[in-house]
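Report on the following structure.
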Amino acid sequence: MGKNNGTKSWAEKQVFTTGEAAEICKVSQQTIIRCFDSGRLQGFRVPGSRFRRIPRGELIRFMHANDIPTETLESAVKRILVVDDDPEIVELMQDVLGRDERFDVECASTGYDAGMLTQQLRPHLVLLDYMLPDINGNLVCKRIRNTPELAETKIIIVSGVVNQEEIEDLKQMGADAFIKKPFNLEQLRHTIEETLGL
């Protein structure tokens, strides 16, 4: 896989040279070597050589720790977390979005699960039901907004029981968009594309 298709090769690579890490982080190779040698960037040396290698997960951790955007490493696929306790809605969204090659869809049915998965996945977008069994969606929204490493995560609130005033409050809390239930799939897709800038 050549460099020509840029993003794709980085998206699938699991171990990087210091030169590649430097290119991805947009810093000099010397900077990466210094960080490696001082232990700020973990990795391993190729047996019998001076060559340093950096595993993907460690490079991502280093980039997050130093506020370096990780888009270059990510494929074009957007991670979406659907949070809803209505199995029919979850199934519908999984079906519609799962068939779209641009999306990778995970689901949660409680605020607690949503919190855990959001930390693990760092989704690009959370489709969040306002009324969850254990917690209100606005609290999940607030938690996401108070987590620095989720600063890029977009939030769309989905609900059938919210009035205009509450919608404004949710937007104040950090929701990027709102979809009223029952919704049609075209509207859902359009709102997702608009929110993710696709």
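Here, each number is a calculation from the coordinates, and none is a lab measurement. This one's a predicted model, so the numbers in the text were calculated from it and none came from an experiment. Because the Cβ atoms are built from the backbone with ideal geometry, glycine has one as well, and the counts that use them run over all protein chains shown.
Here are the numbers for this structure:
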quantity	calculated
Charge dipole (debye, nearest 20) of the chain; +1 at Cβ of Lys and Arg, -1 at Cβ of Asp and Glu	1520
Loop-located GluC sites (Glu not before Pro) in region 43-131, at most 15 other Cβ atoms within 10 Å (DSSP)	101
Equivalent ellipsoid semi-axes, the chain, via Cα gyration tensor eigenvalues times 5, rooted, Å	38, 18, 14
Residue among 122, 40, 102 with the largest mean-square fluctuation in a Gaussian network model of the chain, springs linking Cα atoms under 10 Å	40
Positive dipole terminus of region 3-73, leading residue within 47, 69, 32 (C-beta point charges)	47
Cα coordinate range in region 97-157, projected on the principal axes (Å, largest first)	31, 26, 18
Centroid-to-centroid separation of region 93-140 and region 40-80 [C-alpha atoms, Å]	26
In region 33-83, the chymotrypsin sites (Phe, Trp or Tyr not before Pro) that fall in loop regions by DSSP, at most 16 other Cβ within 10 Å	51
Computed log₁₀ I(q)/I(0) - Debye formula, equal Cα scatterers, no solvent, region 47-133, q 0.11, 0.17, 0.26 Å⁻¹	-0.42, -0.79, -1.25
Under 12 Å, Cβ to Cβ, from residue 52 - net charge with Lys/Arg +1 and Asp/Glu -1	+1
Which of 27, 126, 161 has the fewest Cβ neighbours within 10 Å, and the rest in rising order	161, 27, 126
Förster-model FRET efficiency, 22 Å R0, residue 26 and residue 150, C-beta, rounded to 0.05	0.45
Global size of region 3-73 as Cα Rg and Dmax, reported in angstrom	11.5, 34
Proximal charge balance of residue 196 [Cβ under 9 Å; K/R count +1, D/E count -1]	+1
Net charge of Cβ neighbours under 10 Å - reference residue 134; Lys, Arg +1; Asp, Glu -1	-2
Beta bridges per DSSP with both ends in the chain, % antiparallel, nearest 5	25
Cα→Cβ-extended label distance, 7 Å offset, between residue 186 and residue 40, nm	5.3
Modelled FRET efficiency - R0 30 Å, residue 61 with residue 198, Cβ distances, 0.05 increments	0.65
Inter-label distance, nm, simple model (7 Å from Cα along the C-beta direction), residue 165/residue 85	2.5
